[in-house]
1. Provide a single number: the residues in the range 70-124 that are in a loop (DSSP other than H, G, I, E, B) and over 23 Å from residue 1 (Cβ atoms).
2. Considering only the range 33-46, I want to know if a residue exists there that is within 13 Å of the chain's Cα centre (by Cα) and part of a strand (DSSP E or B).
3. If you check residue 107 against the conditions, is it surrounded by 18 or more Cβ atoms within 10 Å (Cβ to Cβ) and within 12 Å of the chain's Cα centre (by Cα)?
4. List the pairs whose first member sits in the range 1-27 and is on the phi < 0 side of the Ramachandran plot and assigned to a helix (DSSP H, G or I), whose second member is surrounded by fewer than 17 Cβ atoms within 10 Å (Cβ to Cβ) and modelled with pLDDT of 95 or more, and whose Cβ atoms are under 6 Å apart, counting only residues at least 6 apart or on separate chains?
5. Is it the case that residue 51 is surrounded by fewer than 15 Cβ atoms within 10 Å (Cβ to Cβ), part of a strand (DSSP E or B) and touching a residue at least 24 places away in the same chain (Cβ under 8 Å)?
6. How many residues are at pLDDT below 95 and surrounded by 15 or more Cβ atoms within 10 Å (Cβ to Cβ) when one looks only at the range 64-76?
7. Just checking, which of 90, 80, 86, 40 is under 27 Å from residue 130 (Cβ atoms) and out of contact with any strand residue (DSSP E or B) (no Cβ under 8 Å at 6 or more places or on another chain)?
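The values are calculated or read from the model by the stated rules, or taken from the named source; none is laboratory data. This one's a predicted model, so the numbers in the text were calculated from it and none came from an experiment. Note that each Cβ is placed from the backbone with ideal geometry, even for glycine, and that neighbours are counted across all protein chains shown.
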């Protein structure tokens, strides 16, 4: 089974910084699972809580309030760009995450790596018939 984190159907609920590491809490995150291409081919949608941790990182922009829905996203990991759909588990490597949040706020995080930390088991939400989601 193939999985992808769909950032633009996820909610950014918290942002914290400690000892040079930035942590984003997605509560919930949205996960596609498919025998084919997640988010394109038929499969299922799931909610789950996870943290995205960025060691040795910097932050550009700060949300005025949280939680906020993620409207659009781009993640570059080790030179590979993912638009809204990110393979899960998240690839390992130096990372730059750009989020456009509801209301037009922009958040950019650059780190020496990206680490995904699931915080609860995925909960079934829906069947996905296939075709690009918006």
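1. 7
2. As a first pass, look at the range 33-46 and keep what is within 13 Å of the chain's Cα centre (by Cα): none.
No, there is no match, as no residue in the range 33-46 is within 13 Å of the chain's Cα centre (by Cα) and part of a strand (DSSP E or B).
3. Details: surrounded by 18 or more Cβ atoms within 10 Å (Cβ to Cβ): yes; within 12 Å of the chain's Cα centre (by Cα): no.
In short, no.
4. Correct list of pairs: 8/72.
5. In short, no.
6. 0
7. After ruling out the rest, the residue left standing is 80.
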